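The values are calculated or read from the model by the stated rules, or taken from the named source; none is laboratory data. Predicted model only: the values in this text are computed from it and were never measured. Backbone-built Cβ (ideal geometry, glycine too); neighbour counts: all protein chains shown.
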Amino acid sequence: MKMIRSLIAGVGAYLPERVVTNHELEQRVDTSDQWIIERSGIRQRHIADDRQLTSDLAIAAARKALAAAGLSGDDLDLIVLATATPDNTFPSTATRVQAALGMTRGAAFDLQAVCSGFIYALSVADNFIKTGQARCALVIGAETFSRILDWTDRTTCVLFGDGAGAVVLRAEEGRGEVSDRGILSTHIHSDGRYYDLLKVDGGPSSGKQVGHLRMEGREVFRHAVVNLAEVVGEVLSTNGLSAQDIDWVVPHQANKRIIDGTARKLRLSSERVVVTVERHANTSAASVPLALAEAVGDGRIKPGQLVVLEAMGGGFTWGAALVRM
Ligand code: UT7
């Protein structure tokens, strides 16, 4: 039987130059460096300059991922861009990226699952490849959350940052046995009963301007650890693995305490968990590919290793993927 698998051919990331420290935020709202570090693990975040749009961040990350794969925009037949902060209501940010990369065929579209967006986008692109509808796909997570933060609300504005990450997927085809590398499984979930716990209070159909991020942090925290541990458990049982078989976990970077709590629940050593939250803060859909690109780039994640990616966000949405690099 013919089998197709999506191989990760390249990863790339981009962070805006401007770094905003917790001390800088102490000047804006009633907070402290100590509170932010103790409650979230965050020390700084990158913030896009006024002229930089989500598409600019996405294009920079995409170019690096394509270069790492030794490919160009010409080779792509699909772009799936996960974002909750598109440049405009429409057209999709993905089509702007498509044009910038010189890709004139195939399809490009946005996908919205907030912080789980990259896992959702990876799952969608993987299914396009497995069904033969695409052979070379670019999956991007890109956000400018700084634009939707209420900079007077200390309970949210200290937690987020801007950035983008991207991966290039390439189809590998075989009869019977295919290589054991590539995306081995993806798992996505949502539960809309929790819609109001993490949302932006505005948008095109609400009749209000874009709005600001609002979050019931404590409630989101409680669900995050449970849902993430559950979905990683699902990855392990689907693939007949135990936590000890996993070389690396690349979690969504929302809060160091959520990352540690999930690892503890799964009995995973913290040495095998990639953590960037202290420098990037929560970059929503960009956080997983940013962390992946960093750990691949510095040689921690090596070819052939088994990696679990996981995320949870507004909706609620959550999901995970198992990849052999
Ligand atoms: O990407 C997925 C979505 N996001 C998440 O996963 C985030 C999930 N939630 C969290 O990470 C945590 O709940 C937070 C970091 C948001 C908050 O940590 P917490 O330990 O749950 O704190 P809390 O909300 O229970 O607040 C504790 C206290 C409150 O004061 P009182 O009511 O005890 O007097 C807050 O008003 O801390 C206060 N507080 C602050 N103090 C200083 C809230 N924000 C701040 C702040 N600086 N920035």
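What to note about this one:
- V220 being under 17 Å from A254 (Cβ atoms) and surrounded by 16 or more Cβ atoms within 10 Å (Cβ to Cβ): yes
- Test for I8: is it aliphatic (A, V, I, L, M), more than 18 Å from the chain's Cα centre (by Cα) and at negative phi: no
- Wholly within the stretch 135-233, strands (runs of 3 or more DSSP E) carrying at least 1 residues that are away from the ligand (no atom under 16 Å from the Cβ) and modelled with pLDDT of 95 or more: 136-144, 162-175, 182-190
- Checking each residue of the stretch 126-143 against the condition of being of a type in the set (S, T, N, Q) and crowded, with 20+ Cβ neighbours inside 10 Å gives no match.
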